[in-house]
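Here the structure comes first, spelled out in structure tokens, and everything after it is commentary.
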Amino acid sequence: MNPLNHVAIIMDGNGRWGLKYKNSRNAGHKAGLKTVEEIIKETIKNNIKYLTLYAFSTENWKRPKQEIKFLFNLLENFLINKIEDLNKQNIKLKIIGVKNFSSKLNKLLNQSEIKTSKNSKLQINLALNYGSKFELINAFNKLKKSKKKINEKNFLNYLQTKDIPDPDILIRTGNTKRLSNFLLWQLAYSEIFFEKKLWPAFSKSDFNRIIKEYRKIKRNFGNI
Ligand code: IPE
Ligand code: IPE
Ligand code: MG
């Protein structure tokens, strides 16, 4: 049975779900947050140490202003209402991506990270204004400036996922088979599951089915 330390998720399909069932993309984002909470619970039950959630990409700024505003309001309220609870559950929150939001949200994100920094049950990496290409170029530049030898070990120190093991599993919901600029380096050997269901419809039984399937896969890492 394969060990499982890290699950990464591209939570796609909120907008389509919202339009289909509530006639509003934003209602889909709200419903997607319920799925996030359910999957966090399930991650803990499965004793998984890292959960990385793609919440907003560097490309998502192309969306209409009102949708972006809604998304960040949702996040703000989530943090205000839930950070104590996450902290009590011994969950550590880490933001990956560039924090260039409103000063209120930046502060809230920093406070949430500091508050939970010593926690050890589960680490949630929330990818916000995250783009893998930016992360890689930034890392290369920093490594070059350091004058250290350019090798894999030194390079890893400059990724935002420093000290985080690579994802064992990548799940993308929403019936689309692409990576959308997510963890291009880190996913080199991950087992990838593209799910038809839209994120708000994704359930704990879907999650557990994927884990069960993953456990049985023969992971070669180039070996035989
Ligand atoms: C993913 O759902 C969530 C974010 C990108 C914030 P989408 O909003 O992309 O939903 P669809 O793909 O349009 O249905
Ligand atoms: C990927 O979903 C980003 C997140 C889930 C945050 P998108 O809906 O933005 O991806 P594309 O644009 O369809 O590739
Ligand atoms: Mg989408």
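One table, with the values for the structure above:
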{"item": "Condition met for LYS45 (in contact with a strand residue (DSSP E or B) (Cβ under 8 Å, 6 or more places away or on another chain) and of a type in the set (Lys, Arg))", "result": "no"}
{"item": "Test: residue in the range 72-88 that is surrounded by fewer than 20 Cβ atoms within 10 Å (Cβ to Cβ) and part of a loop (DSSP other than H, G, I, E, B)", "result": "no"}
{"item": "Failed criterion for HIS29 (all others in (1) within 16 Å of ligand 1 (Cβ to nearest atom); (2) open to solvent by 30 Å² or more (accessible area, probe 1.4 Å) hold)", "result": "(2)"}
{"item": "Residue satisfying all of: in the range 166-190; touching a Phe, Trp or Tyr at 6+ places or on another chain (Cβ under 7 Å) and surrounded by fewer than 19 Cβ atoms within 10 Å (Cβ to Cβ); nearest to GLY222 (Cα to Cα) among these", "result": "TYR189"}
{"item": "Selected residue [touching a residue at least 60 places away in the same chain (Cβ under 8 Å), of a type outside the set (Asp, Glu) and open to solvent by less than 50 Å² (accessible area, probe 1.4 Å)] from ASN106, ASN119, ASN125", "result": "ASN125"}
{"item": "Counted residues, the range 191-210 - those being in a loop (DSSP other than H, G, I, E, B) and open to solvent by 20 Å² or more (accessible area, probe 1.4 Å)", "result": "5"}
{"item": "Inter-residue pairs, beta-carbon under 9 Å, first farther than 14 Å from MET11 by Cβ and assigned to a loop (DSSP other than H, G, I, E, B) and in the range 164-187, second among the acidic types (Asp, Glu) and within 12 Å of ligand 1 (Cβ to nearest atom), 6+ apart", "result": "ASN181/GLU59"}
{"item": "Cross-chain or 6+ apart pairs with Cβ under 9 Å, the range 192-212 first and under 24 Å from ASP166 (Cα atoms), then assigned to a helix (DSSP H, G or I) and aromatic (Phe, Trp, Tyr)", "result": "PHE193/TYR214; TRP199/TRP17"}
{"item": "Check on SER146, within 16 Å of ILE211 (Cβ to Cβ) and among the small types (Gly, Ala, Ser)", "result": "no"}
{"item": "Out of ALA27, ALA55, sole residue that is of a type in the set (A, V, I, L, M, F, W, C) and in a helix (DSSP H, G or I)", "result": "ALA27"}
{"item": "Any hit, the range 52-62, residues being modelled with pLDDT of 95 or more, of a type outside the set (Ser, Thr, Tyr) and more than 14 Å from ligand 2 (Cβ to nearest atom)", "result": "no"}
{"item": "Candidates SER24, SER57 - the one that is within 16 Å of ligand 3 (Cβ to nearest atom) and either at positive phi or open to solvent by less than 20 Å² (accessible area, probe 1.4 Å) (or both)", "result": "SER57"}
{"item": "Those residues of the range 213-224 which are surrounded by 10 or more Cβ atoms within 10 Å (Cβ to Cβ) and either assigned to a helix (DSSP H, G or I) or within 16 Å of ligand 1 (Cβ to nearest atom) (or both), in sequence order", "result": "GLU213, TYR214, ARG215"}
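The values are calculated or read from the model by the stated rules, or taken from the named source; none is laboratory data. Remember, it's a predicted structure, so these values are computed and weren't measured experimentally. All Cβ positions, glycine included, derive from the backbone under ideal geometry; neighbour counts span all protein chains shown. Accessible surface is based on the protein model in full, side chains and every heavy atom, while ligands, DNA and RNA are left aside. Shrake-Rupley method; radii C 1.70, N 1.55, O 1.52, S 1.80 Å.
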